[in-house]
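Heads up, the thing below is written out as structure tokens.
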Amino acid sequence: MDESALERYFDEFIANNPRRTEDVSEEVGEEELFFKLLPDELLTLNTVTCDDADRICKKEDRTAESGIAGTQSRDSSSQNSSAEAKPTCASSSSELKALPVKPGTPEDPETLKEKSSNLAPVICNVISTVDLGCCLDLKFIARRMWNVQYKPQYFTGIIARIREPKATATIFRTGKIICLGTKSVEESRLAARKFVRKLQKFGFPVHFLNFKIQNIVAYCQTFPVDLAELQKVHKGQCSYEPELHNRLILNPITGIRVSFISAGCINVCGAKTRAEVDAIFQTICRILREYRWERTCSGALISKPN
């Protein structure tokens, strides 16, 4: 029997089988029953009618037209605003140029003269010494005192520190203390007395003897100075070697060493009192005014004596 004939036979048999048709009808009935049990919202959630589609298309067309019109209006408004801004900017710049310098401001030349004439030095370090009148056991002090450093293989003294006033002291076995790091003579005396009091609490028969200020270091920021011209005029009284160092050093005046750089920073070392510091600064400033630099409108520095 031919295979095609067999296939036709089985197809006719399956199509005419009553059991198969009942099964298909039962399956279709179950699906319809399932969809009937579902709520109407789920069945109509993604359904879109023809009227809805037309309405959506019209809305999109309107938004596109409005967007094109908005961009054209913005372009025209920006061009108008830029055209109006040019004359206003020019007028504002002319107004700024015409504004006078108010008195009392940093740009006022009178205030600049007052600042240069009222230069005050700032003390950054005061070094003092005091005798205790007895010998000390440094190992015992290093074990008992706080904030100390003792390394006898490198240095024979004890380095001690306090916070108020901020100071550092070097204590030697012979009973001598060197105090440094304070900002005034009063603070140096107070720090030295505090160190002596600490040693007294450890049982040493110490006394506060021969307190003396050994050195006061101060600085002051002034105007720029032409160091080369100053060195030419006062050649025998100062030394200036720019290849080695950018600092001009004056010969010691009664034990006071003065040095300054071209930017105008003056350093004084070796004074004993605040009056000596003020006096030496006044003398140096009078000399430096003859060799000061002044900045022109273009920003260049020129030598202009006062």
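The values are calculated or read from the model by the stated rules, or taken from the named source; none is laboratory data. Just so it is clear, the structure is predicted and the values come from calculations on it, not from any experiment. Cβ placement follows ideal geometry from the backbone for every residue including glycine, while neighbour counts extend to all protein chains displayed. Heavy atoms of the whole protein, side chains included, go into the accessibility calculation; ligands, DNA and RNA do not. Shrake-Rupley method; radii C 1.70, N 1.55, O 1.52, S 1.80 Å.
Might you let me know whether the stretch 267-286 holds any residue that is in a strand (DSSP E or B) and either more than 30 Å from PHE195 (Cβ to Cβ) or touching an Asp or Glu at 6+ places or on another chain (Cβ under 6 Å) (or both)?
Start the filter on the stretch 267-286 by keeping residues that are in a strand (DSSP E or B), which leaves 267-271.
Those left that are additionally either more than 30 Å from PHE195 (Cβ to Cβ) or touching an Asp or Glu at 6+ places or on another chain (Cβ under 6 Å) (or both): none.
Checking the stretch 267-286: not a single residue is in a strand (DSSP E or B) and either more than 30 Å from PHE195 (Cβ to Cβ) or touching an Asp or Glu at 6+ places or on another chain (Cβ under 6 Å) (or both).
Residue under question is HIS234, and the condition is that it be of a type outside the set (A, V, I, L, M, F, W, C) and either loosely packed, with under 15 Cβ neighbours inside 10 Å or within 30 Å of TRP146 (Cα to Cα) (or both); does it hold? Before the answer, list the steps.
On the way: of a type outside the set (A, V, I, L, M, F, W, C): yes; either loosely packed, with under 15 Cβ neighbours inside 10 Å or within 30 Å of TRP146 (Cα to Cα) (or both): no.
It is false that HIS234 is of a type outside the set (A, V, I, L, M, F, W, C) and either loosely packed, with under 15 Cβ neighbours inside 10 Å or within 30 Å of TRP146 (Cα to Cα) (or both).
If I filter the stretch 223-234 for residues that are modelled with pLDDT under 85, more than 37 Å from the chain's Cα centre (by Cα) and among the hydrophobic types (A, V, I, L, M, F, W, C), do I get at least one hit?
So far as the stretch 223-234 goes, no, none of its residues is modelled with pLDDT under 85, more than 37 Å from the chain's Cα centre (by Cα) and among the hydrophobic types (A, V, I, L, M, F, W, C).
Restricting to the stretch 206-231, count the residues that are among the acidic types (Asp, Glu) and open to solvent by 60 Å² or more (accessible area, probe 1.4 Å). Walk me through it before giving the result.
Quick first cut of the stretch 206-231, residues among the acidic types (Asp, Glu) only: 226, 229.
If we keep only those that are open to solvent by 60 Å² or more (accessible area, probe 1.4 Å) too, we end up with 229.
Qualifying residue count, the stretch 206-231: 1.
Among (1) touching a helix residue (DSSP H, G or I) at 6+ places or on another chain (Cβ under 7 Å); (2) surrounded by 19 or more Cβ atoms within 10 Å (Cβ to Cβ), there is one condition ARG173 misses while meeting the rest; what is its number?
(2)
Can you find, within the stretch 180-204, the residue that is surrounded by the most Cβ atoms within 10 Å (Cβ to Cβ) among those that are closer than 21 Å to ALA271 by Cβ and touching a Lys or Arg at 6+ places or on another chain (Cβ under 9 Å)? First the steps, then the outcome.
First, the residues of the stretch 180-204 that are closer than 21 Å to ALA271 by Cβ: 180-192.
Right, trim to touching a Lys or Arg at 6+ places or on another chain (Cβ under 9 Å) and you get 181-185, 187, 191.
Numbers: GLY181: 18, THR182: 23, LYS183: 15, SER184: 13, VAL185: 16, GLU187: 19, ALA191: 25.
Among those residues, the one meeting the criterion is ALA191.
Quick check on my filter: what residues within the stretch 245-286 are open to solvent by 60 Å² or more (accessible area, probe 1.4 Å) and among the hydrophobic types (A, V, I, L, M, F, W, C)?
Matches in the stretch 245-286: ILE253, ALA275.
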